[in-house]
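See below for the structure under consideration.
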Amino acid sequence: MALDNFIPTIWTARLLISLDKALVYGQSNVSNRDYEGEIRQAGNSVKINSIGDVTVKPYVKNTDIDAPETLVDSSQMLNITQAEYFNFAVDNVDAAQSNVNVMSEAMRRAAHRLSDVADQFIAAKHVEVPSANMIGNDGAPIAVDLPAKAYENLVDLGTKLDEANVESEGRFCVIPPWFYALLLKDNRFVAAGTSKTDEVLRNGQVGEAAGFTLLKSNNVPHDSGTKYKIIAGVPMAHSYADQVVEVKAYEKEKGFADGVKGLHVYGSKLVRPYCWAVLTANKS
């Protein structure tokens with residue numbers, strides 16, 4: 001079979017586009033991609049440079065100022081710890097490429113599954129949020145059974161961020177479908193209008209409320225339908241880096257089908273935990 005016509009770089013590009021569209025927690029208005037760099041294999045690291053606070057002192061006229069302070073380097077490492085792959089077979093690679101819909105759909109499904117796993121990995125970072133930024137906990141989850149309660153808890157999440165001096169611009173909140181359904185019954189909720197593009201809607205954005213852009217996801221962490229971890233914050237809080245490092249076509253040893261396999265590596269870090277707030281909520 002002629003595998004020479006298979007062009008891995010074309011399908012790699014298709015896969016990356018699909019991943020970006022499918023992610024909720026990993027998209028740019030939830031997680032920043034500033035430190036992605038060149039990722040080639042699992043185990044690589046991305047260094048995130050930062051400095052400590054600068055001290056401000058009162059100035060007294062005709063008095064010498066203090067010697068300059070040495071700024072503290074508080075760099076962090078974002079480690080690329082995760083790796084997942086797909087590996088599927090088609091009857092004939094040449095035939096699949098001549099019928100773009102077949103290959104595109106197979107790659108789309110592979111991308112969806114990879115992004116779903118990565119999404120859950122990012123959402124699990126809620127455990128790193130400081131207790132001062134939490135509303136409820138596993139021992140005492142907040143019962144949210146009325147539209148008014150849903151909206152009021154969004155306001156409370158915003159207050160937690162305000163108290164942590166988190167900027168107001170770009171705030172998001174990722175909610176489960178049942179929480180979104182309650183908000184739809186509250187007149188204060190501003191739903192996403194028809195002007196929203198299909199791309200935005202596919203990324204999970206469903207509207208705005210209480211100063212947040214709301215995103216709906218089935219990957220909101222929960223414990224058997226209870227103790228949902230509703231995360232609110234700004235993109236600067238969390239860094240995500242990923243790369244599809246390889247996509248290959250190969251001829252199966254047994255049979256007459258050709259296979260296609262790909263490797264996705266990624267990592268994430270909550271670099272500013274105080275810029276996230278978490279509501280632990282039950283449906284009722």
Any chance Tyr274 is part of a helix (DSSP H, G or I), within 29 Å of Asp138 (Cβ to Cβ) and modelled with pLDDT of 90 or more: yes
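Residues of the stretch 215-236 being hydrophobic (A, V, I, L, M, F, W, C) and under 13 Å from Gln27 (Cα atoms), which ones?
If the condition is that a residue be hydrophobic (A, V, I, L, M, F, W, C) and under 13 Å from Gln27 (Cα atoms), then Leu215, Val234, Met236 are the ones that fit.
Quick check, is Val220 within 16 Å of Cys173 (Cα to Cα) and touching a residue at least 12 places away in the same chain (Cβ under 8 Å)?
Working: within 16 Å of Cys173 (Cα to Cα): yes; touching a residue at least 12 places away in the same chain (Cβ under 8 Å): yes.
Here the answer is yes, as Val220 does meet what is asked.
Please tell me if Val30 is touching a Leu at 6+ places or on another chain (Cβ under 6 Å) and either of a type outside the set (Phe, Trp, Tyr) or at pLDDT 80 or above (or both).
It is false that Val30 is touching a Leu at 6+ places or on another chain (Cβ under 6 Å) and either of a type outside the set (Phe, Trp, Tyr) or at pLDDT 80 or above (or both).
The values are calculated or read from the model by the stated rules, or taken from the named source; none is laboratory data. Owing to the predicted nature of the structure, the values given are computational and were not obtained by experimental measurement. Here the Cβ is made from the backbone with ideal geometry for all residues, glycine too, and neighbour counts use every protein chain on show.
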